[in-house]
1. Which distance in nm do the two modelled labels at His350 and Glu237 give, with both placed 7 Å along the Cα-to-Cβ direction?
2. Can you give the accessible area per residue of the range 214-363, in Å², using a 1.4 Å probe?
3. As an exercise, use a Förster radius of 60 Å and the Cβ-Cβ distance of Asp475 and Val427 to find the FRET efficiency, rounded to the nearest 0.05.
4. Out of the total accessible area of the range 317-372 (probe 1.4 Å, heavy atoms of protein only), what percent is carbon and sulfur?
5. Go through the range 333-342 residue by residue and turn each phi into a ³J(HN,Hα) via Karplus (6.51, -1.76, 1.60, θ = phi - 60°); whole Hz please, and just put x for glycine and proline.
6. Put Ile360, Ile278 in order of accessible area, largest first, 1.4 Å probe: what do you get?
7. With r defined as the distance between the Cβ atoms of Asn339 and Ser6 and R0 fixed at 60 Å, what FRET efficiency is calculated, to the nearest 0.05?
8. Viscosity 0.890 mPa s, temperature 25 °C: Stokes-Einstein D of the range 251-383 from its Kirkwood Cα radius, in µm² per second?
Amino acid sequence: MIVGESTAKDWFYKGEGAANLTKQCQFDVFMKQVGKVLRIQKIPNKKTLSAHKGLDLSNHEKLIWKDVGEILESATRDFASRAFIQHVMADLLNSKHIDAGVNFFGAILFYFLMYYVFGVAAAFIFLSMYIFNAYHKIVPWDHDTFSTISGTPKCDFSIAVEIKPKCGFLPSSEYITEANAIKKNATRFKMHQFLKHHRGEVTLVPVIILQISGYNPLDLFSGSRDRILQAIVALFESPQNNFRIFFDGSLVFGGLGGGLDNTTEQFNNSKEAIANLIASSGLQLASFFELVAETGFRSGIFDRLLATQKLDVLDIEGAIHLYYNIISQPCPICKNLSNMKVLHKYSSLHSLPLEKSMKIVREYLISATAKDCSLMISFRPSELGCTTSNYDSVFLRSSNQTYAYKGILSAGELVAPQPIQFLNQLVFFFLIIAFSILAGLQILHPFGFTSYYRSDLVCFCFQAFFIDLDLKPLDKMFHYYELDQKIVNFYKMNQEIEQK
Ligand SMILES: O=P(O)(O)O[C@@H]1[C@@H](OP(=O)(O)O)[C@H](OP(=O)(O)O)[C@H](O)[C@H](OP(=O)(O)O)[C@H]1OP(=O)(O)O
Ligand SMILES: Nc1ncnc2c1ncn2[C@@H]1O[C@H](COP(=O)(O)OP(=O)(O)OP(=O)(O)O)[C@@H](O)[C@H]1O
Ligand SMILES: [Zn+2]
């Protein structure tokens, strides 16, 4: 495939974050690329400079990732990031929810060619090319729609939610200073909201966030069906960059990215529009939220993510000291400490062996990726026959609708009813009727399974994929420390003002 000037018009803007912009292919002559997503690294500006990751891994990064050969052998950070997704994150999060994509060679090949043939001057030419073209990464298919999966029957419509859950636990590290003990009771998400809101107020335009979100990540990761639902509803009420809804692959609810909230009026219109749109597909908004919550609950997908986030055991207040062990530089945090007891505690961290320091920092970075990634869950209507054979079923008692969880298939597998499954259903069906009669009920049974056999059921299959699992750069460690202190100090200050 060639992506060039002549085909650029076939790639449509899809969304963006701080570091990347995505485009989706809507047309190609052979119809092979349609639905694929191109993820392009943005040119860093003042605002996004901290998100810019540079071209290559640093020597210290090569050191800490030395045990993952594929990362080490990668020619550039882009390749390393892909290897990181395939060989680190996929094991932790379950490979069926991961799609590392393929790297788009063009720019990289050109770089090597220029470098070896023309030397240093070429680097300059490449730089200008980099500014306009950057790196391209093709993700095999679009995760906010089902229609492009090979082998899957084309369906009426697909609906998807994108959730950026952020950190789902409260830290309990002994290295958190007493002054920052609030971190053990208030989520980082909640505290960060205050800072984001304030930044919006002082800069006036653009408003960073309009209101403090009521979303609590602890609910989403609670493992309780009701609390997950509560989290989904709160995300809908204040989507910010944490919640989006796509209909047939087009964004219909939530911001496009780039950091701005809508005005209240735009937001209310959009809430109404999405309720109408979902209703037109036969679903009530409330049922849709239940569907998302039930899927999250049943799939256990948040449990794996939480376990990965919890690899951050020491909190940044502990991990930062180990970072300085790795880069062999004097620790600026210890340098400014006067409390001997605390200093003693941190000096024990500075005397840890290098291997141990590297393990802790490596796990901190893995956790940082897990705290920042997003989950794309896409649903499509499905025939009852399909769902009962290959998918786990989920019952929603309130709406009498059945949904299916596509957890046991790999992408692209054909969905076809199997005779053995059919027999199981038949036996099950007769057992239920027999039980119902025995229980003195005419045809209804006490388990609420009746809806399973109704012909007017709406059934959905779903797929869940993590996106934005990029490797975080090691040299972001000090930024993490600084931001953490800024967030907690600002939150404490706000609390003090409130208490007065
Ligand atoms: O530090 P945080 O928690 O604010 O997370 C950053 C995100 O801010 P958020 O609070 O989610 O709006 C931030 O998201 P936005 O640009 O605000 O949408 C990025 O995801 C950033 O990662 P990277 O620098 O692009 O690799 C994220 O940086 P990392 O901390 O994940 O490196
Ligand atoms: N495979 C995909 N399928 C569909 N949409 C996608 C896919 N990958 C990314 N997107 C869309 O593009 C947006 C930006 O992508 P991504 O989150 O990777 O950017 P980023 O700059 O790394 O984000 P952040 O600022 O959070 O670090 C996503 O929020 C999502 O809406
Ligand atoms: Zn230190």
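The values are calculated or read from the model by the stated rules, or taken from the named source; none is laboratory data. Remember, predicted model here, so these are calculated numbers, not experimental data. A quick note on method: Cβ atoms are made from the backbone with ideal geometry, for glycine too, and the neighbour counts reach across all protein chains shown. Remember, those area values only see protein heavy atoms, side chains included, never the ligands or the DNA or RNA. Shrake-Rupley method; radii C 1.70, N 1.55, O 1.52, S 1.80 Å.
1. 4.8 nm
2. Each residue of the range 214-363 exposes 45 Å² on average to a 1.4 Å probe.
3. 0.45
4. On the way: 1540 of 2670 Å².
Carbon plus sulfur share of accessible area: 58 percent.
5. Using θ = phi - 60°, the values come out as 6, 5, 4, 8, 8, 10, 6, 5, 5, 5 Hz.
6. Highest to lowest solvent-accessible surface, that is Ile360, Ile278.
7. 0.40
8. Diffusion coefficient, whole number: 128 µm²/s.
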